[in-house]
Amino acid sequence: MRTDPHSCFDDQQPRISRLHLRLLVDFDQRILAGEATLLFTPPAAGVLDLDTRGLAIHQVRVSATGAELPFELGPDEPILGRRLRLELPAATHGITLAYETSPDAAGLQWLEPAQTEGGRRPFLFSQCQAIHARTLVPCQDSPAVRFGYDAEVVVPEGLTAVMSAGPMGDGPGPVPGTRAFHFRMPQPIPSYLLALAVGELESRELSPRSRVWAEPAVVERAAWEFAEVETLIATAEQLFGPYDWERYDLLVLPWSFPYGGMENPRMTFLTPTLLAGDRSLVDVVAHELAHSWTGNLVSNATAEHFWLNEGFTVWAERRILRALQGEEACALAWAVGQKELEESLERFRDRPELTLLRTRLDGVDPDDAFSSIPYEKGARLVAALERAVGEPAFHGFLQAYMRRFRFSSITTEQFCAFTEEQFPGLLARVDAEAWLHQPGLPADAPDFRSPRLDRITGLAAAFGQGARPGAADLEAWGVTELLVFLQNLPRPLDLEACAWLDSGLQLTGRGNCEILVAWLELALVSGYGAVRERVGELLSRVGRMKYLRPLYLALGRDAAGRALARDLFRQAGPGYHGLARRAVQGILDGYEQ
Ligand code: BES
Ligand code: ZN
């Protein structure tokens, strides 16, 4: 039976247990070319369906004998790609597929030297979640299937390859001018956690089990920004139990990385926008680290259960934050999330089915269903469960949850069955039915208040009536306080108010993207034209979708903004990641209506 609307994986068929990759990274042709060997333990037989998208399959052989196997590629489906069907002979230990990727593989971005910090060498990175691993490797591209992997990656001399795996050394490549990097991932992972990056990279040690990788020009700044990572790991271990992946390394990517972070095991991928110079954005690292448990140890069985990954992880990220920075900082983080949640609920007003936690995504591209809802609504459900049983009991529940489901992939229904078993009646008590299966946010959702938060939202509301926060408040504020203030200001503001904010708080000149983007959006929707040049600068450089979306939307407010947006997109669009390009194109298309 097929169990995942986004994969042709069939649970009656053999499952891949390990993967061996041998790949040549060809920057000239923008392809990965080589071999994937899929291993089966125990040895398997019969029909095997694999996911592929844009892959050219040259040949399939039985690994042990070299006997060639016929294969059949199905029609190219818009979201899913092409099914690759094979018939394994009796007792097959492994099959080897010779193949290459397509230059426009959705899971890869190939960067010109000019798009990197150093400007001298090209760069490549992957982003496989949710269903792009199939554009890199033929595989069962459903998180229901887990496999470990080994890889040999051959890159041009002078470049370094990193993967979501342990490094096993490097040496001269098969042809002069190349170098081969070896990796081994012992633990079984879902395909969406396969990851590769290649570029001019250096690293700095942060702790005995952690280092940060980045281009030489940013590695020192990165090491400073993330210096406290060991404290994060230790705090997360108290919450969830021991860290099971040996190392926790970080990679800072070039500007076009479309997300804030991606929890690739052993090697979290991060946007350079986190390098704010004030350590104020490490909550993203706390989040990706927390996925080492919720997501990478216990994974969603399909994208329809994405809230199990993200809701738990946002909740965990805020528990880590509370342990390190206290109750007030934590309440502010929930308030920032609340605004993001409201924005997503508004965006999906006409698609309420995407505001459920347990979604139905048959025929829906997971990238189109992406929003803050599984994150923030999901985290609030976890908080509601915790409040209902109390913190000590919930802590025990989490430990039991990890023990039961570690290294497996589960559905919402399995989660509910386990919760019912641990705490009979709890789901009914928090009305889990409404959280999981009804749109919007339940009326009795937990809210997170604190004196500092109330003070800031009070000042923001009064601002609309002409009151201005005093110097004492402004000086006491850190990044998150200011962000909450900006998010809660009435909009649009009049131009005098915009000018007051801009000069009083030096907003247009900020380098911290969270503050800068919140301000630029507010200024654009208020018609404060003085920010346009800065908006242009930002949109030409940054490819993180979280920042592109609100700014391109805000530019849609008037004809001049729309013209600027089209102009900027024409120039900057080719440098964006494919996902970001598609998201922005969608926004520009929406202008006309
Ligand atoms: N796993 C996600 C990123 C993702 C989700 C990529 C779905 C592709 C498909 C990652 O853990 C994440 O949530 N990143 C956030 C961080 C934030 C919530 C702290 C981001 O990128 O902004
Ligand atoms: Zn996440």
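Can you pull out the residues in segment 356-378 that are assigned to a helix (DSSP H, G or I) and either over 19 Å from Thr411 (Cβ atoms) or touching a strand residue (DSSP E or B) at 6+ places or on another chain (Cβ under 6 Å) (or both)? Please lay out each step first, then the result.
Just the residues of segment 356-378 that are assigned to a helix (DSSP H, G or I), to begin with: 366-369, 373-378.
The answer is Asp367, Asp368, Glu376.
Within segment 477-498, the only residue that satisfies the criterion of being of a type in the set (A, V, I, L, M, F, W, C) and open to solvent by 50 Å² or more (accessible area, probe 1.4 Å) is Leu495.
Scanning segment 325-337 for residues that are buried (at least 16 other Cβ atoms within 10 Å of the Cβ) and touching a residue at least 60 places away in the same chain (Cβ under 8 Å) returns Ala329, Cys330, Ala331, Leu332, Ala333, Trp334, Ala335, Val336.
Within segment 257-288, track down each residue that is among the β-branched types (Val, Ile, Thr) and either open to solvent by 10 Å² or more (accessible area, probe 1.4 Å) or within 12 Å of ligand 2 (Cβ to nearest atom) (or both). So that I can check it myself, show each step before the final result.
First pass over segment 257-288, keeping only residues among the β-branched types (Val, Ile, Thr): 268, 271, 273, 282, 284-285.
The answer is Thr268, Val282, Val284, Val285.
When Ala234 is tested against (1) within 16 Å of the chain's Cα centre (by Cα); (2) without any contact (Cβ under 8 Å) to a residue 40 or more places away in the chain; (3) more than 20 Å from Val336 (Cα to Cα), exactly one condition is not met: (1). Close contacts from segment 538-560, counting a first residue that is touching a residue at least 60 places away in the same chain (Cβ under 8 Å) and closer than 18 Å to His577 by Cβ and a second that is of a type in the set (Gly, Ala, Ser) and in a helix (DSSP H, G or I), with Cβ to Cβ under 6 Å and a gap of 6+ residues or different chains, come to Gly543/Ala580; Met545/Ala580; Met545/Ala583.
Per the conditions (1) more than 14 Å from ligand 1 (Cβ to nearest atom); (2) within 26 Å of Tyr401 (Cα to Cα), the sole criterion not satisfied by Glu328 is (2). Only a single criterion out of (1) touching a Leu at 6+ places or on another chain (Cβ under 8 Å); (2) crowded, with 17+ Cβ neighbours inside 10 Å; (3) within 27 Å of Leu321 (Cβ to Cβ); (4) touching a residue at least 60 places away in the same chain (Cβ under 8 Å) is not satisfied by Tyr192, namely (1). Entry remark, segment 468-515: residues being within 27 Å of Asp283 (Cα to Cα), in contact (Cβ under 8 Å) with a residue 24 or more places away in the chain and of a type in the set (A, V, I, L, M) number 9 in total. Would you point out the residue of segment 84-102, among those that are closer than 17 Å to Asp141 by Cβ and within 26 Å of the chain's Cα centre (by Cα), that is least open to solvent (accessible area, probe 1.4 Å)? Among residues in segment 84-102 that are closer than 17 Å to Asp141 by Cβ and within 26 Å of the chain's Cα centre (by Cα), the one least open to solvent (accessible area, probe 1.4 Å) is Thr101. Per the conditions (1) closer than 17 Å to Arg53 by Cβ; (2) of a type in the set (Val, Ile, Thr); (3) open to solvent by 10 Å² or more (accessible area, probe 1.4 Å), the sole criterion not satisfied by Thr135 is (3).
Select the helices (runs of 4 or more DSSP H) contained entirely in segment 394-508, then report the ones holding at least 2 residues which are under 27 Å from Thr355 (Cα atoms). It would help to see each step written out before you state the result.
On the way: elements: 412-422, 426-429, 432-437, 451-463, 471-476, 479-488, 495-505.
In segment 394-508, 412-422, 426-429, 432-437, 451-463, 479-488 are the helices (runs of 4 or more DSSP H) which contain 2 or more residues that are under 27 Å from Thr355 (Cα atoms).
Could you please let me know if His291 is within 15 Å of ligand 2 (Cβ to nearest atom), farther than 17 Å from Ser126 by Cβ and under 19 Å from the mean Cα position of the chain (by Cα)? So His291 does not fit the description; no.
Any residue that is closer than 24 Å to Ser372 by Cα, among the basic types (Lys, Arg) and under 27 Å from the mean Cα position of the chain (by Cα) - is there at least one of those in segment 502-510? Looking for residues that are closer than 24 Å to Ser372 by Cα, among the basic types (Lys, Arg) and under 27 Å from the mean Cα position of the chain (by Cα), one finds none in segment 502-510, hence no. Checked against (1) at pLDDT 95 or above; (2) away from ligand 1 (no atom under 16 Å from the Cβ); (3) part of a helix (DSSP H, G or I), Lys546 passes all but a single condition, namely (2).
The values are calculated or read from the model by the stated rules, or taken from the named source; none is laboratory data. Nothing here was measured: the structure is a model prediction, and the numbers come from that model. Every residue, glycine as well, gets a Cβ built from its backbone with ideal geometry; the counts of neighbours run over all protein chains shown. Keep in mind that these areas ignore ligands, DNA and RNA; they rest on the heavy atoms of the full protein, side chains included. Shrake-Rupley method; radii C 1.70, N 1.55, O 1.52, S 1.80 Å.
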